[in-house]
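This report concerns only the one structure given below.
The values are calculated or read from the model by the stated rules, or taken from the named source; none is laboratory data. Because the structure is predicted, anything quoted here is derived from the model rather than measured. Glycine gets a Cβ as well: all are built from the backbone with ideal geometry, and neighbour counts include every protein chain shown. What goes into the accessible areas is simple: the full protein's heavy atoms, side chains included, and nothing from ligands, DNA or RNA. Shrake-Rupley method; radii C 1.70, N 1.55, O 1.52, S 1.80 Å.
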Amino acid sequence: MRVSTFDETQMNKSIRKSLLVKRIITLAIVFSALFIILGPAKAILAATGSQVRVDINYIEETATVSAGSGGSTKLFMSTDNQKTWDLIDSTGVVDIVPMLKTKEVSVFFKGNKDTNPLEVKLQAENKDVKVAYTVEKQGNGEMAGVITVNGAMEYKKGTNGAWKPISTKLYTSMYEIKGATLYFRIPATVNTRASKVVSIRVPKKPTAPSVKLDGSKFQITGLKKGETQYRVGDNTAWIDFAPLDNKTKTLDLAVLFGSGANNNTPIPGGTIEFRKAGTDKKIPSAIKVIEVAPQPVCPASTIAVTGSSINITDNTPKIVYEYTVVKASTGTIDVRALKWTSIKPGKPVTVSKTSKGDRILVRVKSYTDATTKQIIPASTYREFTVS
């Protein structure tokens, strides 16, 4: 059966139309795929646009900005999420200290020929800083203040000091005379921000004990059992003041220097140091130093005793003599228990209530040297028997 020319023409048109529709559909699918893969025209521009280069240095605390591929001649910075822009000077260096906060902060940079600003996130402050001040026991009753840190850190003295490295322990004895505030932080690196700064107060040493030299009784007074420690001369070990009873608060120079006044032997004198002992929570106190002058020897030529009459011929300024009476029945003399009476030179004094065989003791009274302010102990004594 033969098909007419009209029918053939219609068929050809239908075929061509069908093929055209298929091509349109195919192109639509391809463009849709490209749209999904590449995104809209704006996204493609952002991905291929130019940006500045920013180098952050947390040691110097600076941002160095340089032009990117766009060849910008001016550089800008925004710290308010691109609402306003600040012009960066020709060096391209920006101080980031005012921008550093406890939390992470976004700062934007761009050039005048850039198509896409660059977001830079400044690091949050590291708060993992652990520093502790404690009192450490070191044998022989020594207590030392020590600061310990967790890992590599650095510290400085006061707000104006220079940062110095520290990794384990810092003994604080050099800061304890007047006390000090020390600051600690984890140091910065080029890529890592310095940590939060932590301050530690190193306490001043407790006040030294209120001990005094009694130049008349040859004793140190004001000591406290279980609290006061002392050492003599070049000795480095501390001795606890530990009398047998709780009422004793004195220490004889005879014990300290190995020679005493009871046998009328001159005390050699020397240096004695006193402090309050440390505890598990408190470092030892400041040290009280007492310089004990050698005990003078009583002169023989300036004292005359006739019967019970005493005459002093020494006219040395500010030198005073004194006397006491020891009954004949008294055995060993304890100079700490004697009561002395001052006597002026050039005016003979008759001692009352004395009996034959009693002993009169005369010595130079203890005094304070006007120049050195040092206490001079009373001299040895001269002994005279009432006849």
Q) Per q in 0.20, 0.27 1/Å, what log10 I(q)/I(0) does a Debye calculation on the alpha-carbon atoms of the range 303-386 return? A) -0.92, -1.43
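Between Thr91 and Thr279, what FRET efficiency follows from the Cβ-Cβ distance if R0 is 56 Å, with the result rounded to 0.05?
0.45
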Q) Hey, rough spin-label estimate for Lys103 and Ile239, points 7 angstrom out along Cα→Cβ, what's it come to in nanometres? A) 6.6 nm
Q. Within the range 167-195, whose backbone N sits under 20 Å from a point 7 Å along Cα→Cβ of Ala132?
A. 167-173, 182-186
Q: Under 13 Å from the Cβ of Pro345, count the other residues' Cβ atoms, weight Lys and Arg +1, Asp and Glu -1, and hand me the total.
A: +2
Q) Spin-label point model (7 Å from Cα, Cβ direction): what's the Val232 to Val320 distance in nm? A) 2.9 nm
Q. Taking only protein heavy atoms and a 1.4 Å probe, what accessible area per residue, in Å², does the chain have with all protein chains in place?
A. 61 Å²
(Q) Considering only protein heavy atoms and a probe of 1.4 Å, how much of the accessible area of the range 131-202 is carbon and sulfur, as a whole percent? (A) 52 percent
Q | Listed residue pairs exceeding 23 Å between alpha carbons, taken from Lys225/Lys339; Lys121/Lys157; Lys101/Lys121; Lys224/Lys373 | A | Lys225/Lys339; Lys121/Lys157; Lys224/Lys373
Q: With +1 on each Lys and Arg Cβ and -1 on each Asp and Glu Cβ, and nothing else charged, work out how big the dipole of the chain is about its Cα centre, in Debye to the nearest 20.
A: 820 debye
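Using C-alpha positions alone, give me the convex hull volume of the chain per residue in cubic angstrom. Write out the running numbers ahead of the final one.
Working: hull volume 104.8 nm³, N = 387.
Value for the chain: 271 Å³ per residue.
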Q: Over the range 212-292, with every protein chain in place, what whole percent of the accessible area is carbon and sulfur at 1.4 Å, could you tell me?
A: 50 percent
Q | Rounded FRET efficiency, nearest 0.05, which uses the C-beta distance separating Asn150 from Lys121 and R0 of 30 Å | A | 0.65
Q: Using a 1.4 Å probe and counting only protein heavy atoms, arrange Val211, Val232 so the residue with the most accessible area comes first.
A: Val232, Val211
(Q) Counting only protein heavy atoms and a 1.4 Å probe, tell me what percentage of the range 53-122's accessible area is made up of carbon and sulfur. (A) 47 percent
Q.
Using amide H atoms built in the peptide plane, which far-off residues or other-chain residues are under 5 Å from Lys113 H to H?
A. Ser72, Thr73, Lys74
